[in-house]
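The next block holds one structure in the form of structure tokens; read it before the comments.
The values are calculated or read from the model by the stated rules, or taken from the named source; none is laboratory data. No experiment lies behind these values; they were computed from the predicted model shown. A quick note on method: Cβ atoms are made from the backbone with ideal geometry, for glycine too, and the neighbour counts reach across all protein chains shown.
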Amino acid sequence: MYIKNSKIGIFKTVNAIIIGVAGFLALCNLIFAVIMLTLDEFSGEMVAIVLGVIFLVLMSAMTAIIIWRAIAIHRVTRCRIYNSIFEEDHDGVIEFSSISAMTGFSEAAVIRDLMWLTKAQYIHNVTLTRTAVVINVLPGENTFVTVACPTCGAHITIRTNGGGRCEHCGTFMRLRENQNV
Ligand SMILES: [Zn+2]
């Protein structure tokens, strides 16, 4: 795993808190609006202005949350894609151009993503050079095992604690304990 799970965990927690707070605020606003509408001492004009302001605040908050979530999901998705590629690697070095070819992202986008993701420590145990990603193969992960493809049964060789793609059907698999053939 080259994804730092603790980092992704924090991300999920923050995500849950934001959604919770936003939901709570929306509920408070709604209750407040209902109270205003039912009390007689507020004039119609005043109610309209307050409701208008509440609506604008809610819309802005919702827009901000939607954008934040889109960015968050995008980031986690990219992390997973790069992690699969790193786990699949056999010799410890992957050129940015190969990652670009595998993902369909431009080479500049791959470099930009990886620089940011490693700096922010979403991805760890890799080192970036000018042209490639050097995978820090941990002790115990530089051996290879043969596993059977869960889809078609073909035998493929993957790194211990790594992953691999079946040459026959393209299924990506990750080695789990006791899955050796
Ligand atoms: Zn297969």
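When Thr151 is tested against (1) loosely packed, with under 12 Cβ neighbours inside 10 Å; (2) within 16 Å of the ligand (Cβ to nearest atom), exactly one condition is not met: (1).
Is there a residue in segment 79-96 that is at pLDDT below 95 and within 16 Å of the ligand (Cβ to nearest atom)? Within segment 79-96, one or more residues are at pLDDT below 95 and within 16 Å of the ligand (Cβ to nearest atom). Applying a threshold of 6 Å to beta carbon distances and a minimum spacing of six or more residues, or different chains, the list of pairs starting in segment 132-144 at a residue that is farther than 12 Å from Leu114 by Cβ and ending at one that is of a type in the set (Ser, Thr, Tyr) reads Glu141/Thr160; Thr143/Thr160; Phe144/Thr157. Which condition number in (1) in contact with a helix residue (DSSP H, G or I) (Cβ under 7 Å, 6 or more places away or on another chain); (2) of a type outside the set (A, V, I, L, M); (3) within 16 Å of the ligand (Cβ to nearest atom) is the one that Asp113 fails? The number of the failed condition is (3). For Arg174, state whether it is in contact with a helix residue (DSSP H, G or I) (Cβ under 7 Å, 6 or more places away or on another chain), within 16 Å of the ligand (Cβ to nearest atom) and within 19 Å of Lys4 (Cβ to Cβ). Criteria met by Arg174.
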